[in-house]
Amino acid sequence: MKKSFKLFLAAAFLVTEFFVVALPLMITSAKADGHPIQAITHAGFGGGTDVTTRMMLLRARRVLKQDMQLVNKKGGGGAASMDYMMSLPADGNHTLTWTTGHAVSMALGKTKVKLSDMQPLARGTDDPQLFVVNCNNEIKDAKKFISAQKSKSLKYGTTHTGGIDDVSAIAFTKKGGLTDPTIVAYKGVAPIKTNLIKGDIDVGVLNLGEALTEINEGKLCVSVVLANERMAKIGDSPTAKELGIPVSLSTVRGFVTKKGAPADRVKQLEAGMLKAMSHNYYKNFLTEIGLDDTSVVGADEWGKQMEEMLAEMTAQLKALGYIN
């Protein structure tokens, strides 16, 4: 990652922490019934979901003229965060960063929360899955990556199990007629990268933003991209489809609130988020992780994609034997 963008993300983190820790002590009343907006995530610090949420918060709190506090609720691949959201009043004073992983948790029945319980607001990123390897490993070459798996199982590092990461690995090997992967689940992105560099696992299932620093440093390389087209930042890395394996999967991240919030409040949140994500701060963030402003869409399009994602992940999980 470029030094300027490292500093930019560091500044984003510091600003977010200022608003989370310091600002509530300084203000006696926030907007909207005197409460800050809770920005709920299920992700650990530094992962794509965490960074996407922080980048949205940078400008959204200014646009909405209301404090926004990052609230982390880990567990169940997103189930805990959805359950927590449902425990809150439908007043539009919270958002949840909903991802492909949440769709997986819903398909697996890890929560009773339904899409009809959520009000879509806006999408923030549509981020392809990558198979990342140690640059010292010969399987950084895509053809060797595939060839190696014809005779042996590779260790794939994922965040949790039964999620988009291991679905990506299993779908790729099954559709490619390769040996089933050995899934090694971690509790976040950082240990995946650490163990890739150490050589304890063969492959990390990551998004570009999660691995860009190590890619730019020459420590990690992308063997295969699970997208319809190559990504501009890593244009030398082929797609699975180019290699004859028809798999295209993305980690999609967007924002929702609990269904039942006042209509004018929902419109205010949607408009505020879209304006915040049209700012150059957010556009630069998208550019640095190999995406563009087509990642950002409003409530209608985002809601339709959420329905499609849940249907697709349910079908994939059934095909892979996760669901009877």
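For the listed peptides 266-275, 137-146, 118-127, a ranking on the average number of other beta carbons within 10 Å per residue, highest first, reads 118-127, 266-275, 137-146. Within a straight-line Cα-Cα reach of under 19 Å, residue 241 can be paired with the following lysines, leaving aside sequence neighbours fewer than 8 residues apart in one chain: 140, 143, 144, 150, 174, 175, 233.
Taking each DSSP H run with n ≥ 4 as -39500 (n - 2.57) and averaging over every residue of the chain yields -13000 deg cm²/dmol at 222 nm. Taking only alpha carbon atoms, the stretch 235-312 gives an Rg to Rh ratio of 1.06, where Rh is the Kirkwood radius. Excluding same-chain neighbours fewer than eight residues apart, the lysines reachable from residue 258 by a Cα-Cα span under 22 Å are 31, 65, 73, 74, 110, 112, 114, 267, 275, 304. Charge dipole of the stretch 224-266 (Cα centre as origin; +1 on each Lys and Arg Cβ, -1 on each Asp and Glu Cβ, all else neutral): 320 debye, rounded to the nearest 20.
Kindly put 62, 253 in sequence by how many other C-beta atoms sit within 10 Å of each C-beta, fewest to most.
Working: 62 14, 253 26.
In order of increasing Cβ crowding within 10 Å: 62, 253.
Listed options for P(r) over Cα pairs in 10 Å bins from 0, in percent are (i) 6, 27, 35, 22, 8, 2, 0; (ii) 4, 9, 9, 11, 12, 10, 8, 8, 8, 6, 6, 6, 3, 1, 0; (iii) 5, 19, 22, 23, 20, 9, 2, 0. The value calculated from this structure is the one marked (i). Distance from the Cα centroid of the stretch 185-224 to that of the stretch 271-313 is 24 Å (rounded to whole angstrom). Note on the stretch 127-234: with charges restricted to the Cβ of Lys and Arg (+1) and Asp and Glu (-1), its dipole about the Cα centre is near 280 debye. When DSSP beta bridges are restricted to pairs lying wholly in the stretch 127-234, around 55% turn out antiparallel.
Placing unit charges on each Cβ (+1 for Lys and Arg, -1 for Asp and Glu) gives the chain a dipole about its Cα centre, and among 276, 181, 37 the Cα reaching farthest toward its positive end belongs to 37. Straight-line cross-link reach from residue 152 at under 14 Å between alpha-carbon atoms covers these aspartates and glutamates, not counting any fewer than eight positions away in the same chain: 180, 202.
Taken as entire DSSP H runs, the helices of the chain that both span 18 Å or more between Cα atoms along their own long axis and average 1.0 or more on the Kyte-Doolittle scale are 3-17.
Please report 82, 231 as a ranked list, fewest other C-beta atoms within 10 angstrom at the top and most at the bottom. Display every interim value, and only then the final one.
Numbers: 82 26, 231 18.
In order of increasing Cβ crowding within 10 Å: 231, 82.
Net charge in the neighbourhood of residue 77 (other residues with Cβ under 13 Å of its Cβ; Lys, Arg +1, Asp, Glu -1) is +1. Of all beta bridges that DSSP places with both ends in the chain, some 60 percent have antiparallel geometry.
With +1 on the Cβ of every Lys and Arg and -1 on the Cβ of every Asp and Glu, and nothing else charged, how large is the dipole of the chain about its Cα centre, in debye rounded to the nearest 20? Show your work: numbers first, answer last.
Values: 39 positive and 32 negative charges, 60 e Å.
My answer is approximately 280 debye.
Just so you know, all these numbers are worked out from the coordinates, no wet-lab data involved. This is a predicted model, so every value here is computed, not measured. Here Cβ is always computed from backbone atoms with ideal geometry, including for glycine, and neighbour counts include all displayed protein chains.
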